[in-house]
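J.: Mind looking over this structure? Questions follow.
Throughout, read-outs are computed from the coordinates displayed, never taken from laboratory work. Quick caveat: nothing in here was measured; it's all calculated off a predicted structure. Cβ atoms come from the backbone with ideal geometry, glycine included; neighbour counts cover every protein chain shown.
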Amino acid sequence: MVGSLYSGGFAAVIGAGNIFFAQRNRANAKLRMAHEEIEHLAKVAERGADCPRYADILGHTLSVIILKSELAGKLIDLDPQRAKAEIGDVEQTSRQALAEVRNTIRGYRAQSLEAELKQAKATLETAGVTDEIRGRRS
């Protein structure tokens, strides 16, 4: 009788311990997922904060292009050689601005893909799924 009482009590303690640790593991997994989501949102917000800076740079570049174009238009009859040089500067500035915009967009895409892969991997690991990503890097 006493032995079965101890066995029943021991089983209850073990069962309660298992329930406690399972709940704790689930809570930790949810906490990890929430932390990863916060990191993801912080990165998105950081990219958004960069937009005004890029817009300012692009706005400045376009202003330079407009001013140089206007100057070249005024110089075309007075000093054709200088007008030609100004148009050359406009072309060079335009090409440089285009390259910077393209590089910025590529950077966002690369970061976004990397962030998404990291998020997917973390979610799979939380669910107990192992991943193996195969592919070719360019």
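J.: Would you calculate the separation in nanometres between label points at residue 40 and residue 100, each defined as 7 Å from the Cα along the Cα-to-beta-carbon direction?
T.: Each label point lies 7 Å from its Cα, and together they span 3.2 nm.
J.: If each residue of separation counts as 0.36 nm, what is the full-extension length gain between residue 89 and residue 55 once their alpha-carbon separation is subtracted?
T.: 10.1 nm
J.: Could you check the simple spin-label distance between residue 115 and residue 12, using points 7 Å along Cα→Cβ, in nm with one decimal?
T.: 5.2 nm
J.: Still on this model: So how far apart, in nm, are the two label points at residue 31 and residue 67 if each is 7 Å from Cα heading toward Cβ?
T.: In this crude spin-label approximation the distance works out to 5.6 nm.
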